[in-house]
Amino acid sequence: MVDFLGQELKIGDDVVYCRHNRTSASFTSLTKTKIIGFTNKMVKIENGSWGNVYPDRLIKITELNITNKK
């Protein structure tokens, strides 16, 4: 399974995802979390208000992501 950028995902990876505000149709903030498992189509995350997130809504945090932050 791969994230929005096409990076391979595995259990234990740190990721960010758009947390959904359940009172509106918009996504409200980025949240950092950790992958704890997978379903057939979704990624199980550690501290999500949702238990699962589609992988194309995640970005894996890597050294490259952090050092190229502008």
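The values are calculated or read from the model by the stated rules, or taken from the named source; none is laboratory data. Here the structure is a predicted model, which is why all the values come from computation and not from measurement. Note: ideal-geometry Cβ built from the backbone for every residue, glycine included; neighbour counts use all protein chains shown. The accessibility values were calculated without ligands, DNA or RNA, using every heavy atom of the protein model including side chains. Shrake-Rupley method; radii C 1.70, N 1.55, O 1.52, S 1.80 Å.
Being at pLDDT below 90, of a type in the set (V, I, T) and within 15 Å of D3 (Cβ to Cβ): is that true of T67 here?
Details: at pLDDT below 90: yes; of a type in the set (V, I, T): yes; within 15 Å of D3 (Cβ to Cβ): no.
The answer is no for T67.
Given the criteria polar (S, T, N, Q), modelled with pLDDT of 90 or more and open to solvent by 40 Å² or more (accessible area, probe 1.4 Å), does T28 qualify?
Working: polar (S, T, N, Q): yes; modelled with pLDDT of 90 or more: no; open to solvent by 40 Å² or more (accessible area, probe 1.4 Å): yes.
So T28 fails the test.
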